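Worksheet: one structure, shown below.
The values are calculated or read from the model by the stated rules, or taken from the named source; none is laboratory data. Quick caveat: nothing in here was measured; it's all calculated off a predicted structure. Counting neighbours? That spans all protein chains shown, and the Cβs are built from the backbone with ideal geometry, glycine included. The area values use the complete protein model at the heavy-atom level, side chains included, leaving out ligands, DNA and RNA. Shrake-Rupley method; radii C 1.70, N 1.55, O 1.52, S 1.80 Å.
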Amino acid sequence: MAFAQFSLENAWLIPLLPFIAFLLIVSFFRNMEKTASTTAIVFSAISFALALGVVTSVLQRPELIEEPLVYSMRWFSMPGLEISMGVLIDSVTAMMLFVVTLVATMVMIYSTGYMQGDPGYSRFFAYLCLFAASMLGLVISTNLLQMFVFWELVGLCSYLLIGFYYFKDSAKEAAKKAFITTRIGDFGLLIGILLIQVNFGTLEFVELAEMMPAFALAHPFLVTLMGILVFIGPIGKSGQFPLHVWLPDAMEGPSPVSALIHAATMVVAGVYLVARAFTLFQFSPEAMMVIAYIGGFTAFFAASIAITQREMKRILAYSTVSQLGYMMLALGVGSLSASMFHLMTHAFFKALMFLAAGSALHAIHGRTDIFQMGGLRKKMPWTAAFMVIGLLAIAGIPPFAGFWSKDEIVLAAQLGGYTGLYYLAKITAFMTAFYMSRMVFVAFFGKENPENHPHESPPSMLFPMGVLAILSIFGGLVGAPWLEKGFSYWIRYGEYVPHHADLMTMASSVLVAAAGIGLAWVIYGAKLIDANKLAEKASFLHKLSYNKFYIDEIYQWMNKTIVATTSRALYWVDLRVVDGAVDGSAKLTGWLGDKLRLSQTGQLQHYAMIFFAAVVLLVAIMGMMGAETAMALIGGGK
């Protein structure tokens with residue numbers, strides 16, 4: 001197909017088009033709202049069409065799985081260092097281009113209704129375009145440095161969008177928190193990149209894959225060190241424990257931003273980086289184990305917080321952290337296929353749920369507490385239906401998308417011999433089904449709040465949710481285990497190993513999900529058990545969970561005591577010791593100058609007296625120390 005071939009050869013246009021839209025909006029369309037949003041949607045839709053062309057090309061050329069198509073040009077060079085920039089296309093890239101352009105386009109269409117009347121309408125679309133362009137540039141990167149540049153641009157865009165309502169203190173604080181927290185991870189990533197450059201002399205992914213086996217055999221410790229340093233970046237970007245604290249606060253941005261951040265851009269960038277650099281981690285079992293256990297713990301930890309939260313978007317945010325943990329767990333146990341599969345299905349249903357949440361919040365004028373909502377399904381049937389679809393998908397009920405991808409992760413942990421992580425993933429799946437059902441039962445099926453006057457969203461908001469709902473239902477079927485060439489055939493690392501459906505694992509996953517939904521129905525739907533009395537009986541655990549295990553407070557304490565005390569001590573050293581030494585030297589020099597100036601009398605008898613005194617002193621020293629020693633002392637000899 002000519003268009004598919006054109007798309008493959010011109011994939012650089014995919015990030016360039018939204019970037020051009022960004023420039024057009026900020027340069028010419030700032031005061032032309034309709035033109036700004038139309039430009040953003042049209043350019044993003046063209047990028048989506050090109051991404052579909054790339055996907056078609058990859059499906060026609062299976063050899064791209066093993067040997068990516070790379071075209072690049074020299075960016076800059078210096079002695080011992082040559083950096084290029086370009087485009088790398090393989091099956092993983094194609095899948096990511098499809099997901100990012102699809103979700104970005106749907107979010108932009110949705111935003112035309114959601115942001116209507118907002119004074120920052122054009123600015124919002126400009127930021128969205130830059131965000132999409134940055135993420136797409138990251139996806140096609142051929143080397144770590146190029147990826148790092150777009151990685152930082154993604155961070156900048158998230159800062160701008162989280163703090164979009166810059167006149168609100170909470171939005172400003174959330175934006176700063178996201179920016180600073182992710183910088184900690186970025187520092188580790190940068191050190192890792194430098195270490196790789198020093199040892200390999202290149203940052204190109206293809207070249208690193210060729211050099212890594214021999215290097216890992218000779219320097220296993222260095223490979224582990226590089227892997228862990230590089231992984232610190234994704235810990236920050238993808239909200240893994242302990243750098244997860246910024247992600248729930250990122251809800252301060254408009255809801256479409258949350259959908260874009262949580263489904264297709266900021267947070268999945270870290271997962272994608274680990275997948276793209278998988279050859280580095282693959283040769284270090286220790287680094288893989290770190291990824292697996294941090295991912296598994298993050299999945300469980302975030303779910304244990306989400307279970308008691310009251311704000312709708314905050315519940316969704318912690319569920320994102322938990323699902324990202326699943327993706328990291330899959331990478332850590334060695335299944336790139338399962339991780340990327342869950343990344344794709346999660347993008348569908350999480351974007352759907354955030355847009356549905358935005359629809360609900362938009363209708364009740366920003367009441368975020370689910371216990372202040374209630375009965376939304378009667379006035380907002382479409383939004384309620386979409387939220388239920390998202391719930392069934394994330395809970396893992398067949399045939400919804402999340403069932404297939406989450407099951408792949410659980411199965412990968414089981415086959416890899418990670419029994420502890422296998423059971424942790426199962427427990428987390430139960431908790432996920434419970435807290436998501438709790439949110440839906442309370443907000444959409446609970447008792448109506450007479451203070452609310454909800455109304456269904458306009459078609460411009462319902463259409464994108466409809467598209468994502470269809471994908472949330474059927475999107476996971478591309479990875480069904482009975483397909484001869486399913487998702488894991490196309491998206492994989494190394495040789496393809498076909499596996500058959502594990503009916504026991506599938507059945508147990510369905511039972512776990514059904515149990516979670518059933519328990520939520522008993523407590524919050526039928527109210528057979530009093531939730532308040534349950535919370536009182538387990539008050540200690542409830543407080544821990546509701547207060548997010550006091551991680552934010554611990555960080556604040558560390559900041560106020562350790563960081564502030566250390567800063568004050570260093571300030572004192574700088575002021576008194578460093579500045580004191582410099583100032584003291586200057587004062588001493590000035591004092592000596594003043595004293596020596598007095599010796600310059602201009603009278604010859606004074607100079608003769610000084611000369612005579614010096615000779616007497618020298619003779620005295622020679623007498624006391626011996627002539628040879630005294631001359632050595634004066635002249636510098638031995």
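Here G185 meets the list (1) within 22 Å of F278 (Cα to Cα); (2) buried (at least 20 other Cβ atoms within 10 Å of the Cβ); (3) out of contact with any Gly (no Cβ under 6 Å at 6 or more places or on another chain) almost entirely, failing just condition (3).
Among the residues of the range 360-372, those identified as of a type outside the set (V, I, T) and in contact with a Gly (Cβ under 9 Å, 6 or more places away or on another chain) are H362, F371.
For the range 120-134, the set of residues classified as open to solvent by 10 Å² or more (accessible area, probe 1.4 Å) and closer than 16 Å to V103 by Cα consists of Y127, L130, listed by residue number. Of all residues in the range 529-540, those that are open to solvent by less than 100 Å² (accessible area, probe 1.4 Å) and under 15 Å from I307 (Cα atoms) total 5. Considering only residues that are part of a helix (DSSP H, G or I) and either open to solvent by 10 Å² or more (accessible area, probe 1.4 Å) or basic (K, R) (or both), which ones fall in the range 293-331? Scanning the range 293-331 gives Y293, I294, F297, F300, F301, S304, K313, R314. The helices (runs of 4 or more DSSP H) found wholly in the range 1-113 and carrying at least 2 residues that are more than 24 Å from the chain's Cα centre (by Cα) and within 30 Å of L208 (Cβ to Cβ) occupy 2-9, 33-60. Do we have any residue at all in the range 367-374 that's surrounded by 24 or more Cβ atoms within 10 Å (Cβ to Cβ), in a helix (DSSP H, G or I), of a type in the set (A, V, I, L, M) and touching a helix residue (DSSP H, G or I) at 6+ places or on another chain (Cβ under 9 Å)? Yes - at least one qualifying residue is present in the range 367-374.
Residues in the range 515-551 that are assigned to a helix (DSSP H, G or I), of a type in the set (A, V, I, L, M, F, W, C) and over 22 Å from A302 (Cβ atoms): W521, V522. Does A526 qualify as being under 30 Å from I315 (Cβ atoms), modelled with pLDDT of 90 or more, open to solvent by less than 100 Å² (accessible area, probe 1.4 Å) and among the small types (G, A, S)? In short, yes.
S335 satisfies every condition listed in (1) out of contact with any Gly (no Cβ under 7 Å at 6 or more places or on another chain); (2) farther than 15 Å from L421 by Cα except (2). Of all the listed residues (F167, F179), the sole one being assigned to a helix (DSSP H, G or I) and surrounded by fewer than 21 Cβ atoms within 10 Å (Cβ to Cβ) is F179. Scoring L424 on the criteria (1) open to solvent by 20 Å² or more (accessible area, probe 1.4 Å); (2) closer than 21 Å to I370 by Cα leaves a single failure, condition (2). Residues that are open to solvent by less than 80 Å² (accessible area, probe 1.4 Å), of a type in the set (S, T, N, Q) and in a helix (DSSP H, G or I) within the range 552-601 comprise T561, T565, T566, S567, S585, S599, listed in sequence order. Exactly one residue among E63, E67 is open to solvent by 60 Å² or more (accessible area, probe 1.4 Å), farther than 23 Å from F200 by Cβ and not β-branched (V, I, T), and that residue is E63. Filtered by the rule that a residue be polar (S, T, N, Q) and surrounded by fewer than 24 Cβ atoms within 10 Å (Cβ to Cβ), the range 384-405 gives no residues.
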